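I have a structure I would like to understand better, so I am pasting it below and will then ask my questions one at a time.
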Amino acid sequence: MNPIHEKRRLFTENRVVNWHEHVWFDQNGQLDEALCDALVEDAARTSTDVVVCSLPILAQKVTAEEFRHCNDTLAIAMKRYPDVIKGFAFVNPGYSKEAVEEIDRCVKEYGMIGIKMYYQYYINDPIVRPVIEKCIDLDIPILVHASKLNYHPEEQPFVSNGVHFAAAAKAYPEARFIMAHITGGGDWEWSLKAVADTPNVYTDMSGSVIDARVIEKAVAMLGAKRVLFGTDGSYLSCVGKILAANISDEDKKIILNNPDFERYLNRANA
Amino acid sequence: MIIDGVAYLGHWPFRKLGYDTAAEMAAWMDRASIDKACVSSINSIFYKDVMEGNRELMTEISAFSGRMIPFAVINPAYPGWENDFKECFDVLGMKGLELFPAYHNYKADLPELKKLLEMAAAKGIPVRLPSRLVDIRGRHWLDTPENLSQDEMEAIVRLCPDTDFLLCSCGTANLAKRLEALSAQRKGRLFYDFARLEDCYYNHSLPNLLKTAGEDYVVFGSCSPFQYPEVQELKLDMLELSEEAYEKIASGNLKTLLGL
């Protein structure tokens, strides 16, 4: 018997919310339905109840028309699996007016429950302020791609790390930021230390990196309530990390279904 | 039973691992229900004289000799490596060899490397060849700026067709595909770990490795204590393998490789 088998009960016996996943376009720029179906199958086989998705464009330049199409496509996935998939609207804050309008549209028309930004701008860039203020008005969380790249930083020149999040969070203490994928490949010790004293910065534990003690250290420095379960394309690695972490079962249950985030989930898909 | 084919012991200077001693490692293995682990010396990566670390390792694990299987770290670019080889395998009784070209600053074209691999093959010593120990993106600024590329891994494998290799800590599904034809032509066997692979909607690299390399050539390797071993256990569990296939990957293939 594989020794991990029994530990999987943590997932089967508790509600599990995955706060970082994606649906994607197919080759024709439409929802990749097969990939979307496979994601929901992964959720089922790992006993994940809810998967919060976005559809970002991984590029420096993203137009307003493009991010609207991303969100229209995500909405199709939400309708396909209304009990499983919740949506975060993707916007490029460089288009301030259009981004603010799009957030409003996605929340009110599609029932999206947060936003996702990529690395088009640092999160504390002044150009992002209208977007942050809109999210405060709507009471929705702000998930932002994050990493502290010690090697090859030129690949993502405006990617936010913990220092940028701490600055934004101090400027907007009423906003709720999610510093994405603490195990997404960057210097996670850097980012944890940077945001330790900013209580409105959360992190999700998605990403392919499976460094031992990362979950323990995140919980020790932020508290379990500031750590969210997520996978971001590394589904089994992330389920395995939470099973492996040497923290209490109570803390694991908080990470798997953070009570502070429950209110967003109660907003039904449109 | 689980035998971990990729594990380390010692002090990592760039991040606290927290399991530096053999006693701590044994407790770590207990938590993850790992029966035995093939360990090499982290210190030998950094000491100029790798033997200081190899000897430390043998002393450290002496109370756990049934659980910890020692792998020697040898630097063929440093004088005295042939004597190091003899001491490790003729005197200390180590069971495997591990190479760190990116840390020890040599490439596949180093003449001594070919000779070292031939010596290992002659004695039936398997060679563990990791691409990296930690993810490059968050790596410490004083750490090596390189992973061992798959080009280099292939070049090293090609140096001696009789040597058994355990190729690990990289995208081994792609590597196995790349080496598939070569593997069929050589006497030495190529084994792969799956620590960097996935099996989910977005990435099916683990089943792809099994399809390419076959269940007889995939081994459990966690890169402990750098990484959580339970992640690898979960991946194996989710594959829903036959009992026979599970046993091979969890321990049987390493028993074959190491003659246990």
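The values are calculated or read from the model by the stated rules, or taken from the named source; none is laboratory data. Since the model is a prediction, treat every value here as computed from it, not as a measurement. Using ideal geometry, Cβ is built from the backbone for each residue, glycine included, and neighbour counts are taken over all protein chains shown. Ligands, DNA and RNA are excluded from the accessible area calculation, which covers all protein heavy atoms including side chains. Shrake-Rupley method; radii C 1.70, N 1.55, O 1.52, S 1.80 Å.
Treating cross-link reach as a plain straight distance, find the aspartates and glutamates whose alpha-carbon is under 19 Å from the alpha-carbon of A:K97, omitting any fewer than eight places away in the same chain.
Candidates past the 8-residue exclusion: A:E65, A:E66, A:D72, A:E109, A:D125, A:E133, A:D137, A:D139.
If you take the accessible area of A alone, add that of B alone, and subtract the area of the pair, what total do you get in Å², probe 1.4 Å, to the nearest 100?
When A and B are taken together, about 3700 Å² of accessible area is lost.
Which trypsin sites (Lys or Arg not before Pro) does segment B:10-42 hold that lie in a coil by DSSP with at most 12 other beta carbons within 10 Å?
Answer in residue order: B:K16.
Same structure, new question: Indicate, rounded to the nearest 5 percent, the antiparallel portion of the DSSP beta bridges found entirely in segment A:4-265.
Of those bridges, close to 5 percent are antiparallel.
Moving on to the next point. Give the residue from B:G93, A:N200, B:A213 lying farthest towards the positive end of the charge dipole for the protein assembly as shown; charges sit on Cβ (+1 for Lys and Arg, -1 for Asp and Glu) and the dipole is referred to the Cα centre.
Farthest along the dipole direction, towards plus: A:N200.
Using just the alpha carbons, could you tell me how many Å³ per residue the convex hull of the protein assembly as shown encloses?
It comes to 137 Å³ per residue, whole-number rounded.
Counting only protein heavy atoms and using a 1.4 Å probe, what share of the accessible area of the protein assembly as shown belongs to carbon plus sulfur, as a whole percent?
That fraction is 49 percent.
Same structure, new question: I need the phi-derived Karplus couplings for segment B:109-124: 6.51 cos²θ - 1.76 cosθ + 1.60, θ = phi - 60°, integer Hz, Gly and Pro marked x.
These are the phi-based 3J(HN,Hα) values: 7, 5, x, 5, 5, 4, 5, 4, 5, 5, 5, 5, 4, 4, 9, x Hz.
Give the percent of DSSP beta bridges with both residues in chain B that are antiparallel, rounded to the nearest 5.
Counting only bridges with both partners in chain B, antiparallel ones make up about 5 percent.
Which of the residues in segment B:183-209 show a loss of at least 10 Å² in accessible area from their chain by itself to the complete set of protein chains, at a probe of 1.4 Å?
Listed in order, they are B:R196, B:E198, B:D199, B:C200, B:Y201, B:Y202.
For a quick size check, give me the Cα extents of chain A along its three principal axes, largest first, whole Å.
55, 39, 35
Quick check: with the 1.4 Å probe, what order do B:R132, B:R55 take by accessible area, largest first?
Listed by decreasing accessible area, they come as B:R55, B:R132.
Within a Cβ distance under 14 Å of B:D143, other residues only, what is the Lys/Arg minus Asp/Glu net charge?
So the environment of B:D143 carries a net charge of -1.
A follow-up question, please. First measure r as the distance between the Cβ atoms of A:A171 and B:D162, then evaluate 1/(1 + (r/R0)^6) with R0 = 60 Å and state the FRET efficiency to the nearest 0.05.
Once rounded, the FRET efficiency stands at 0.40.
Determine the calculated [θ] at 222 nm for the protein assembly as shown from helices alone, applying -39500 (n - 2.57) to every DSSP H run no shorter than 4 residues and normalising by the residue count; nearest 500 deg cm²/dmol.
Taking each H run of at least 4 residues, the total per residue is -11000 deg cm²/dmol.
Still on this structure, please answer the following. First measure r as the distance between the Cβ atoms of B:S149 and A:E133, then evaluate 1/(1 + (r/R0)^6) with R0 = 35 Å and state the FRET efficiency to the nearest 0.05.
0.15
Can you give me the distance in nm between label points at A:E66 and A:R105, each placed 7 Å from the Cα along the Cα-to-Cβ direction?
Placing both labels 7 Å along Cα→Cβ, they lie 1.7 nm apart.
Using a 1.4 Å probe and counting only protein heavy atoms, arrange B:D216, A:D251 so the residue with the most accessible area comes first.
B:D216, A:D251
Net charge within 12 Å of B:S242 by Cβ-Cβ distance, Lys/Arg positive one each and Asp/Glu negative one each, not counting B:S242 itself?
-4
Further question on the same structure: Roughly how much of B:D237 is accessible, in Å² to the nearest 10, using a 1.4 Å probe?
20 Å²
Please turn the phi angles of segment A:62-78 into ³J(HN,Hα) values with the Karplus equation 6.51 cos²θ - 1.76 cosθ + 1.60 (θ = phi - 60°), one per residue in order, whole Hz, x for glycine and proline.
Listing the rounded values in order: 9, 7, 4, 4, 5, 6, 5, 5, 4, 6, 4, 6, 4, 4, 5, 5, 5 Hz.
Output the pairs from A:K108/A:K253; A:K134/A:K217; A:K170/A:K217; A:K116/B:K235; A:K193/A:K225 with a Cα-Cα distance over 24 Å in this structure; if there are none, say none.
Pairs exceeding 24 Å: A:K108/A:K253; A:K134/A:K217; A:K116/B:K235.
In segment A:198-230, which residues give up 20 Å² or more of accessible area once the other protein chains are added, compared with their chain alone (1.4 Å probe)?
A:S208, A:V209, A:I210, A:D211, A:A212, A:R213
Starting from the Cα of B:S62, step 7 Å along the direction of its Cβ; do the same at B:L260; then give the gap between the two resulting points in nm.
2.3 nm
Something else: Which of rounded, prolate or oblate describes segment B:3-258 when judged by the alpha-carbon gyration tensor and an a/c cut-off of 1.5?
Verdict is rounded for segment B:3-258.
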